[in-house]
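The values are calculated or read from the model by the stated rules, or taken from the named source; none is laboratory data. All figures in this text were calculated on a predicted structure; none of them were measured in a lab. FYI the Cβ positions are ideal-geometry reconstructions off the backbone, even for glycines, and counts take in every protein chain you see. Note: areas computed on protein heavy atoms with side chains; ligands, DNA, RNA excluded. Shrake-Rupley method; radii C 1.70, N 1.55, O 1.52, S 1.80 Å.
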Amino acid sequence: CDLCIKVSDMAKHNKMASASGMCLVYLDCISRNKGDKITIVAAFTDGDTNDLSVGRNAIFYDNKGLDWDATVVKIIENPISIRQAFWSPYRKIASLISKQVEKFASSQDSKVNTASSSGIDNVTKKADGGVNQTKAAPFDIAKFAGIFAAIGLAIGAIGSVLVSILSGFLSLVWWKIPLVILGIILIISCPSMILAWLKLRKRNLAHILDANGWAINAKAIVNIPFGVTLTHLPRIPKDSKLDRRDPFRKKGNPLVMGIFILSLLILIAVLWYCGYFQRFLCF
């Protein structure tokens, strides 16, 4: 990040700098040579910040070429690039699904632990000959039958909807299938891309400088081409080579690949037998 500014009061700076529309990262820096401490704000104007979080470490180089140990202390999130906005809905959906799965697994684990501990307590009380034993409620088969029926009905309804969608999708002419897939992708990604494009055109550097004590009345717009020049990935040194081989990687199982290829061949044979490829070739 080439656009880094020293901050004297981070709390005061946040109030005005957030209006700049830029993705800002505040870092506490400690000099390796003198031990001095400063706070800076770095503007992310290209790429993405999916792996960036509070507490991560960085390196800051000042104008004299001295390096500082930096730590992220605050992030003001704003759109960074159109590319990040394109993948943003899918990442949010994946994160939501992951959180729901973790929440369900955690609740089930707590239920199992509670049931196990209560069962052990009951056994201990019976072994000690304790009194005031609570009688277990009788098993209500009608209640569970209704629950299972409702679950089966819901699964059946979802399955029928998926089958109808899949059958309608496969019944399309071959050249319409990529267009449908492209249309679904655009429907999901276009709103976030348009919103990001509108915000990226309004990024204003003047608010960041004004929040740090400067007196700037004019707008200092950081458009998309200008933002690309302010944030970039460092390149590896000349004539150097990267060894991307991992000697400790897990070896693949040839049986799994064989089963996959066999299943694919069976699927192709079934589709050929049903006449799908004949309709494709005739078209």
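Where the second residue is at pLDDT below 90 and exposed (fewer than 14 other Cβ atoms within 10 Å of the Cβ) and the first is more than 11 Å from P79 (Cα to Cα) and among the acidic types (D, E) and lies in segment 189-210, which pairs have Cβ atoms under 7 Å and are six or more apart or on separate chains?
D210/I216
Collect the residues in segment 52-73 that are part of a loop (DSSP other than H, G, I, E, B) and either free of Cβ contacts under 8 Å to residues at least 12 places away in the same chain or among the small types (G, A, S) (or both), keeping them in residue-number order.
S53, G55, D62, N63, K64, G65 - these are the residues of segment 52-73 that are part of a loop (DSSP other than H, G, I, E, B) and either free of Cβ contacts under 8 Å to residues at least 12 places away in the same chain or among the small types (G, A, S) (or both).
When residues of segment 36-51 are filtered for being open to solvent by 30 Å² or more (accessible area, probe 1.4 Å), within 23 Å of S81 (Cβ to Cβ) and not in a loop (DSSP other than H, G, I, E, B), how many remain?
1
May I ask you to list the residues in segment 167-176 that are open to solvent by 100 Å² or more (accessible area, probe 1.4 Å) and either of a type in the set (V, I, T) or within 17 Å of L271 (Cβ to Cβ) (or both)?
W174 - this is the single residue of segment 167-176 that is open to solvent by 100 Å² or more (accessible area, probe 1.4 Å) and either of a type in the set (V, I, T) or within 17 Å of L271 (Cβ to Cβ) (or both).
Suppose we filter segment 1-29 for residues that are over 27 Å from the mean Cα position of the chain (by Cα) and either within 24 Å of V222 (Cα to Cα) or free of Cβ contacts under 8 Å to residues at least 40 places away in the same chain (or both); how many remain?
Counting residues in segment 1-29 that are over 27 Å from the mean Cα position of the chain (by Cα) and either within 24 Å of V222 (Cα to Cα) or free of Cβ contacts under 8 Å to residues at least 40 places away in the same chain (or both) gives 11.
Quick check on my filter: what residues within segment 224-237 are part of a loop (DSSP other than H, G, I, E, B) and surrounded by 10 or more Cβ atoms within 10 Å (Cβ to Cβ)?
T231, H232
Any idea how many residues of segment 99-129 are among the small types (G, A, S), at pLDDT 75 or above and open to solvent by 70 Å² or more (accessible area, probe 1.4 Å)?
Result for segment 99-129: 1.
With (1) open to solvent by 60 Å² or more (accessible area, probe 1.4 Å); (2) of a type in the set (S, T, N, Q); (3) without any contact (Cβ under 8 Å) to a residue 12 or more places away in the chain as the list, and S240 as the residue in question, which single condition is left unmet?
That leaves (1) as the condition not met.
So, of the residues in segment 17-35 that are in a helix (DSSP H, G or I) and at pLDDT 85 or above, which turns out to be most open to solvent (accessible area, probe 1.4 Å)?
Once the filter is applied, the top-ranked residue is A19.
Considering only residues that are of a type in the set (A, V, I, L, M), open to solvent by 60 Å² or more (accessible area, probe 1.4 Å) and part of a loop (DSSP other than H, G, I, E, B), which ones fall in segment 205-223?
A215, A218
Could you check V54 against (1) surrounded by 15 or more Cβ atoms within 10 Å (Cβ to Cβ); (2) at negative phi and say which number it fails?
Exception for V54: condition (1).
Would you be able to tell me the number of residues in segment 188-204 that are open to solvent by 70 Å² or more (accessible area, probe 1.4 Å) and assigned to a helix (DSSP H, G or I)?
6
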